[in-house]
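**Q** I have a structure I would like to understand better, so I am pasting it below and will then ask my questions one at a time.
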Amino acid sequence: MSRLSGGLIDRSQRLSFTFDGKSYSGHPGDTLASALLANDVRLMGRSFKYHRPRGVVSSGSEEPNALVELRSGARQEPNTRATMAELYDGLIANSQNRVGSLAFDLLAVNDLASPFFAAGFYYKTFMWPKAFWEKLYEPMIRKAAGLGSLTKLADPDDYDKGFLHCDLLVIGGGAAGLAAALTAARAGARVILADEDFRLGGRLMAETHTLNDAPAGDWIAALEAEFDALPNLRVMRRTTVFGAFDHGIYGAVERVSDHLATPGKAVRQTLWRITAKRIVLAAGATERHIPFANNDRPGVMLSGAMRTYANRYAVSPANRVAIFTNGDDGHRTALDLMAKGVEIAGVIDTRTEAKALGKYPLFAGAVVSNAKGRLGLKSLEITRDGTSHWIEAGALGVSGGWNPNVHLASHHRGRPVWDEASLAFLPGTDLPPGMVVAGAAAGRGTTHGALTSGAEAAVAALGAIGITAALPDLPRAEDAPQAQSAFWHVPGKARAWVDFQNDVTVKDVKLARQENMVPVEHLKRWTTLGMATDQGKTANVTALAVMAELTGKTIPQTGTTIFRPPYTGVSLAVLGGGDTGAHFRPRRLTPTHEWAKSQGAVFVEVGQWMRAQYFPRKGETTWRETVDREVLATRAGVGLCDVTTLGKVDVQGADAGEFLNRIYANAMASLKVGMVRYGLMLREDGHAYDDGTCARLAEDHYVVTTTTAQAGPVYRHMEFARQCLWPELDVQLISTTDAWAQISVAGPNARMLLERIVDGFDISNEGFPFMACAELTVCNGLRARLFRISFSGELAYEIAVPARYGAALMGRMVEVGADLGATPYGTEALGVLRIEKGHAAGNELNGQTTAQMLGMGKMVSTKKDSIGAVMSRREGMVAETRTLVGLMPVDATEPVTAGSHLFDEGAAQKTETDLGWITSACYSPHLASGIGLGFLANGKDRIGQVVIAANPLQGQSVRMRVVSPHFVDPEGGRLRD
Amino acid sequence: MLIPHPLLGLRDAQEFTYLGDASLIHRPDGMAENAAETFFDYVYLRDNPAGVHRELWFHEQGDRSWLVVTRDTTTHEILGAELARDVALAAKGGAQ
């Protein structure tokens, strides 16, 4: 059919688009739904369960039926409401949830099998035989269920997050919202006006009501001009406020580029976090339908939506239209359509006293009792006083009253209250703090009522925060009361749909009642009512009313449904807000990162850090070859490794020693200035927490190191102890992890190398013994700290310089140490060196182990109070016999796998006989064998024995010799020379 | 959620790390005779009230203050926030 006259579409431009591969055209101002109707396409989708042919029901975000896959390729988006998709040139849409064509869907056999798919069918039908569930039923259901499909291609578009603050947030840009925003903005308040539509006006655009005896569009245009000149007002079109969160924070999604073919350089959508002092909820109302037999035929839609299509989009779904109504509102549709030249086949009004408002056939005291036309409505059955006849109509507008959009008013669990006068749930009194509801959302749906309640709401809301606003001169508007009867559904034997999208019928509600699923919460879950992507916006209240009727109770006795965020679906992409891929979290680079890159290093992610894993050289074909070389070079000459990532905490103050005594299990106050001590921290429950070194640079100055992984948590823990436990101590903390570049210099030639860079500082074994530390200068005046500590078991130092000199220092040491065999090594070699030496690391300090297990039970001082000391002495902790041991395969060619569990030879391998597990494993080039560290019951007494390392996941069962965890230099002579 | 930081004003809860019950401030004396019992209570036993709850938040993405925040767990209303250091000092009799 051709377009009607008028409407808010730009006829000077044509936009072409395709639906299921067929080309059509529309105009700017159209939605996909209005453009399809203008092209005589009524069939737009298939239902979820029965695959029934479906057409568009609404003209807004409540749409249950007209869901399409929008766009193509990586931008394809399933379950997009055709009523919300703004038309653009080149738009591509495809129908979904079908096998075959939209007109002939093979899965429509489900409709014939509907007796088997009634409410709760999956709770019963698929219970037996049990074994069929995984293999047959579930895959079958998964294949048949669901709506649109995903492309599984990465989303090519950008998304963003933003923060906004305002005095007043106005949600909804209809008559009430516009009046509220105008009132508040004129008062000078900071105002945000958000509306999900691409055009302001709400239902003012859908109706023919005048304002000051002129078209409503004139008033809106003047208002928008004033809005543009008000810098304190931010108008956000295409923005859905989807949730009311704590403390006046509202979530909103702005669809920045959804109306364009591609976003270009702009983002696709923005997630806004709006902090509002006060809120006016002017979200309008959603019309409800009246279930009758086969009321889901394409062409049956909401009466108010028909008005929207006619008045705003200049389109009628058919040339000959009928209206089914329980109140005055349906008659308005008939009048509006007639004014546009559409033939009215009849208005069927459930009220016997109904009067026609114009020249159209009226069937008062009648109902629509059936509908024909599988792929598009053809005729309707009208029943009055027990007699029926059929009339022809290509579309039917159904008007069952309006449900105020109370969703956001109940996001803090506020319960809507039933109002018998307006036959609707209105917002209750337990609203989110600071919210005032206005307009149709508050049950004041006449144009005059919406305008005045909106302005009054703004005055009241601002008054509460000390801003005085004056009521503006509002335009004259209609204020006609809308009479309505409580008529909820047409009884009958055939299926009558309540929830279109999830295929819930009146029969299903009856069945739920028979199964005693009467409370609304049970009704929902048993029938899946309201659980589809539209969240039952057009269904929930009707279902509740049907259940009330069946049980002979009132609606308030039956219950109420409240709502949770989001108001409409929010894409995961916009919730991510661009924090994806490389932007998922900050990436921290070590001071020597660029230098390591220039050396061809392979990097590994360690938490947020990128660390050099190994430095392959020409000719090396496997990572193991490289790592073996780095390990042997370190033990033979000198190795260099960036260890900046280890946490560093600067501890200063007169009570620094006493503070550290309480933080560490072992004593630190007794540490001499110029010396370093290994430190073990416990959690308050007595388990090992973290370890590191503690260097005393001055009487009142320590530097503490932590593991890389725990740098953040340990610092937080130390601040907790300082501020919450012992605020009386004179101690200050600051994290200096990023301030100092720290490089490990390890191997027999380490001292010789360092002697070449220190500025006249004595680092002889006598002058600077094992565990010494000092502040000094290197390379002619560069401030540095030197620690003689060893993680590798070799003669070793760690040298720290201000971070910006880290790369230069590394380069210098490699250069001046070339003849000493100076070799950079990465985290792999670092791991091999420490496992060979038997030093505990993250694998051993995994939160489940104790000082005793680590062989450090005696370090926990009993002479002082420290965090975790008391609990570490608990009976069960003391009785623990598993201790750290070394493990070597009896046959050196056998693998050593971390995570393997240890058993006696010949013992059954089960929990009761479990002796422990392997924590760390590597290949030791030094021993030419795989080696491991692990916790073993009575480990010390088992040295020399053979146990089985079982790894059932890989079918491994390896004989292992229990040895000392110190595979290299067990006496520790090397690090002291 | 917004937390009224006593030094910095209203701050977004995302800047904070949550720890738990503010009773963690009252650490028993580890050298006392009955330390085993008092520490068991301290480490493991917590009230879980539906209503007003005093809890510890760390301004980790901020000034690194530990705060004692009083929050109604049924409404998420925040009734106040103090520096944990002040709370701890007051509990110790105002000793500095």
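**Q** How high is the relative contact order of region B:2-91, in percent, counting Cα pairs under 8 Å that sit 6 or more residues apart?
**A** Relative contact order comes out at 28 percent.
**Q** Please sort B:49-62, A:518-531, A:736-749 by packing, taking for each peptide the average over its residues of neighbouring beta carbons within 10 angstrom, highest first.
**A** The packing order, highest mean first, is A:736-749, A:518-531, B:49-62.
**Q** Stretched out fully, how many nm does the piece from A:Asp759 to A:Ser598 gain, at 0.36 nm a residue minus the Cα gap?
**A** In short, 55.1 nm is gained.
**Q** OK, next. For region B:2-91, what are Rg and Dmax over the alpha carbons, in angstrom?
**A** Taking only Cα atoms of region B:2-91, I get Rg and Dmax of 14.3, 44 Å.
**Q** How crowded by other chains is B:73-86, given as the mean number of beta carbons from other chains within 10 Å of each beta carbon?
**A** 2
**Q** Taking 7 Å along the Cα-to-C-beta vector as the label spot, tell me the A:Asp40-A:Met338 distance in nanometres, rounded to one decimal.
**A** 2.7 nm
**Q** What's the FRET efficiency of A:Tyr678 with A:Gln514 using the Cβ-Cβ distance as r and R₀ = 41 Å, to the nearest 0.05?
**A** Efficiency for this residue pair is about 0.05.
**Q** Something else about it: Before rounding to the nearest 500, sum -39500 (n - 2.57) across all DSSP H runs of length at least 4 in chain A and divide by the residue total; then give [θ] at 222 nm in deg cm²/dmol.
**A** Result for chain A: -5500 deg cm²/dmol, rounded to the nearest 500.
**Q** Averaged across the residues of A:862-870, what count of C-beta atoms belonging to other chains lies within 10 Å of each residue's C-beta?
**A** Taking all residues of A:862-870 together, the mean is 4.
**Q** Determine, for A:Asp730, A:Asp105, the number of other Cβ atoms within 10 Å of each Cβ, and report the residues in order from fewest to most.
**A** Exposure proxy ranking, most exposed first: A:Asp730, A:Asp105.
**Q** Quick check on the exposure proxy: order A:Thr913, A:Thr849 from fewest to most C-beta atoms within 10 angstrom.
**A** Placing the least packed residue first, the sequence is A:Thr913, A:Thr849.
**Q** If you don't mind, another one. Using amide H atoms built 1.01 Å from N in the peptide plane, name the residues 5+ places from A:Met44, or on other chains, whose amide H lies under 5 Å from its own.
**A** Sorted by chain and number, the residues that satisfy this are A:Arg54, A:Gly55, A:Val56.
**Q** Follow-up. Apply the Karplus curve 6.51 cos²θ - 1.76 cosθ + 1.60, θ = phi - 60°, to the phi angles in region A:842-855 and return the couplings in whole Hz, x for Gly and Pro.
**A** Karplus-based 3J(HN,Hα) across region A:842-855 equals x, 5, 8, 9, 9, x, 10, 10, 10, 4, 4, 4, 7, x Hz.
**Q** Continuing with this model, one more query. Taking every pair of alpha-carbon atoms in region A:241-310, what share in percent sits in each 5 Å bin, from 0 to the bin with the longest distance?
**A** Calculated over all Cα pairs of region A:241-310, the distribution is 3, 12, 13, 11, 12, 15, 17, 11, 5, 1, 0 percent.
**Q** Also, quick follow-up: Measure out, as a whole number of angstrom, how far apart the alpha-carbon centroids of region A:184-253 and region A:389-424 sit.
**A** 23 Å
**Q** Looking only at Cα atoms, what is the convex hull volume of chain A per residue, in Å³?
**A** Residue-normalised Cα hull volume stands at 231 Å³.
**Q** Taking chain A as the reference, fit the longest principal axis to its C-alpha atoms, fit the long axis of helix A:175-186 to the helix C-alpha atoms, and give the angle between the two in degrees, 0 to 90, nearest 10.
**A** Around 60 degrees separate the two axes.
**Q** Could you tell me how far the Cα centroid of region A:850-891 sits from the Cα centroid of region A:27-99, in Å?
**A** 66 Å
**Q** Note down the nm distance, to one decimal, between modelled labels 7 Å out along Cα→Cβ at B:Ala32 and at A:Ala669.
**A** Label at B:Ala32, label at A:Ala669, 2.0 nm between them.
**Q** Moving to a separate point now. Once the Cα atoms of helix A:806-816 and of chain A are each reduced to a long axis, what angle between those two axes, in degrees from 0 to 90 to the nearest 10, is obtained?
**A** With rounding to tens, the tilt is 40 degrees.
**Q** Collect residues whose amide H, placed 1.01 Å from N in the peptide plane, falls under 5 Å from the amide H of A:Asp419; neighbours closer than 5 in sequence don't count.
**A** Answer set, sorted by chain and number: A:Ala424, A:Phe425, A:Leu426.
**Q** While we're here: Convert 10 °C to kelvin, take the viscosity as 1.306 mPa s, use the Kirkwood radius over C-alpha pairs of region A:135-281 as Rh, and evaluate the Stokes-Einstein diffusion coefficient in µm²/s, rounded to a whole number.
**A** Calculated translational D: 91 µm²/s.
**Q** When a footprinting reagent is the concern and you count Cβ atoms within 10 Å, what order do A:Trp623, B:Trp66, A:Trp219 take, fewest first?
**A** Listed from fewest to most nearby Cβ atoms, that is A:Trp623, A:Trp219, B:Trp66.
**Q** Under the 0.36 nm per residue contour assumption, what length would be gained going from the current alpha-carbon distance of A:Lys355 and A:Leu589 to full extension?
**A** Between A:Lys355 and A:Leu589, full extension yields an extra 76.4 nm.
**Q** Here is a follow-up. Determine which residues of region A:302-330 fall in the zone a paramagnetic label at A:Ser5 would reach in this model, i.e. backbone nitrogen under 16 Å from the point 7 Å along Cα→Cβ.
**A** A:310-316
**Q** Roughly how crowded by other chains is peptide A:726-732, in terms of the mean Cβ count from those chains within 10 Å of each of its Cβ atoms?
**A** 4
**Q** So what's the angle, to the nearest 10 degrees on a 0 to 90 scale, between helix A:711-720 and the longest Cα principal axis of chain A?
**A** Around 90 degrees separate the two axes.
**Q** Using mean Cβ contacts within 10 Å as the protection proxy, how do A:301-307, A:57-63 order, highest first?
**A** A:301-307, A:57-63
**Q** Subtracting the Cα-Cα distance from 0.36 nm times the residue separation, let me have the gained length for A:Arg525 to A:Leu375 in nm, one decimal.
**A** Full extension of this stretch gives 51.0 nm more.
Values quoted throughout were computed directly from the atomic coordinates according to the rules given, and no laboratory measurement underlies them. If you're wondering where the values come from, they're calculated on a predicted model, not measured in any experiment. Glycine gets a Cβ as well: all are built from the backbone with ideal geometry, and neighbour counts include every protein chain shown.
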